[in-house]
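Working notes, beginning with the structure itself.
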Amino acid sequence: MNVYKEFETERLFITPTKEQDAELIYEMMNSPKFIKYVGDRNLKSIGEAKKYIQDKMIPQLKNHGYSSYTITRKSDNEKLGVCGLYDREGVEGIDIGFGLLPKYEGNGYAFESATKLKNAAFEEFGITEINAITSKENFSSQKLLEKLGLKCLGTTKLPNEDEEILLYKIKPE
């Protein structure tokens, strides 16, 4: 069995998302903010979330060595959300993304985990640039991407989508 990289920060464990994280994925992807800003993944049960992990996240992990990572707080082993490096259809190169359960937003967890993965992308995975996309209305995501050092290049559209979204990019310094 392959051993994939895991990371930690002062407050967090950042580990590849696995089937045991299906309840977290189900709850996060069905939160109103996730549906509004990221989209409805149409996950109607924890079983469907488990299948989503099997079909979407684990194959990328096996192919690239990175994918979605579950963010767990060290102090109480509470699963907070996800952060990841994604080979996303319609986005050239690798995309960084993050999502937290609503009750954990505003505590710096997304910035802390995304900073760790951004650095790992450049230093450990050999990625030469990172992209990010976000809704024009998702000001907290925009602010976080800018805090991470990404620059807004303009707008783009994903395949089979009508909405224009913002495209960000960063290269290692």
Counted residues in region 23-46 being out of contact with any Ser or Thr (no Cβ under 9 Å at 6 or more places or on another chain) and under 14 Å from Glu78 (Cα atoms) come to 3
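Every residue in region 49-92 that is of a type in the set (A, V, I, L, M, F, W, C) and touching a helix residue (DSSP H, G or I) at 6+ places or on another chain (Cβ under 6 Å), please.
First, pick out the residues of region 49-92 that are of a type in the set (A, V, I, L, M, F, W, C): 49, 53, 57-58, 61, 71, 80, 82-83, 85, 91.
Ala49, Ile53, Ile71, Leu80, Cys83, Leu85 - these are the residues of region 49-92 that are of a type in the set (A, V, I, L, M, F, W, C) and touching a helix residue (DSSP H, G or I) at 6+ places or on another chain (Cβ under 6 Å).
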Scan of region 24-55 for residues that are over 27 Å from Phe139 (Cα atoms), of a type outside the set (A, V, I, L, M, F, W, C) and either modelled with pLDDT under 95 or not in a loop (DSSP other than H, G, I, E, B) (or both), ordered by number: Gly47, Glu48, Lys50, Lys51, Tyr52, Gln54, Asp55
Taking the options Val82, Val91, name whichever one is modelled with pLDDT under 95 and under 15 Å from the mean Cα position of the chain (by Cα). Val91
Among the residues that make up region 27-48, is at least one of them open to solvent by less than 30 Å² (accessible area, probe 1.4 Å), in contact with a helix residue (DSSP H, G or I) (Cβ under 7 Å, 6 or more places away or on another chain) and among the β-branched types (Val, Ile, Thr)? no
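Tell me which residues, restricted to region 58-86, are among the charged types (D, E, K, R) and out of contact with any Ser or Thr (no Cβ under 8 Å at 6 or more places or on another chain).
If the condition is that a residue be among the charged types (D, E, K, R) and out of contact with any Ser or Thr (no Cβ under 8 Å at 6 or more places or on another chain), then Lys62, Arg73, Lys74, Asp76 are the ones that fit.
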Does Gln20 count as without any contact (Cβ under 8 Å) to a residue 12 or more places away in the chain, of a type outside the set (Val, Ile, Thr) and open to solvent by 20 Å² or more (accessible area, probe 1.4 Å)? yes
Go through Tyr86, Tyr109, Tyr104 for me and flag whichever is among the hydroxyl-bearing types (Ser, Thr, Tyr), surrounded by 19 or more Cβ atoms within 10 Å (Cβ to Cβ) and touching a Leu at 6+ places or on another chain (Cβ under 7 Å). Tyr109
Looking at (1) more than 17 Å from Leu117 (Cα to Cα); (2) in contact with a strand residue (DSSP E or B) (Cβ under 6 Å, 6 or more places away or on another chain), find the lone condition where Lys103 falls short. (2)
Can you name every residue in region 150-173 that is farther than 16 Å from Tyr86 by Cα and in contact with a helix residue (DSSP H, G or I) (Cβ under 8 Å, 6 or more places away or on another chain)? Cys152, Leu166, Pro172
All but one of (1) open to solvent by 50 Å² or more (accessible area, probe 1.4 Å); (2) farther than 21 Å from Phe111 by Cβ; (3) touching a Phe, Trp or Tyr at 6+ places or on another chain (Cβ under 9 Å) hold for Leu61, so report the exception by its number. (1)
Check off (1) open to solvent by less than 30 Å² (accessible area, probe 1.4 Å); (2) within 28 Å of Leu24 (Cα to Cα) for Phe139 and give me the number that stays unchecked. (1)
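The values are calculated or read from the model by the stated rules, or taken from the named source; none is laboratory data. Since we're looking at a predicted model, the values are computed, not measured. Backbone-built Cβ (ideal geometry, glycine too); neighbour counts: all protein chains shown. Ligands, DNA and RNA are stripped out before the accessible areas are found, and what is left, the full protein with its side chains, is counted by its heavy atoms. Shrake-Rupley method; radii C 1.70, N 1.55, O 1.52, S 1.80 Å.
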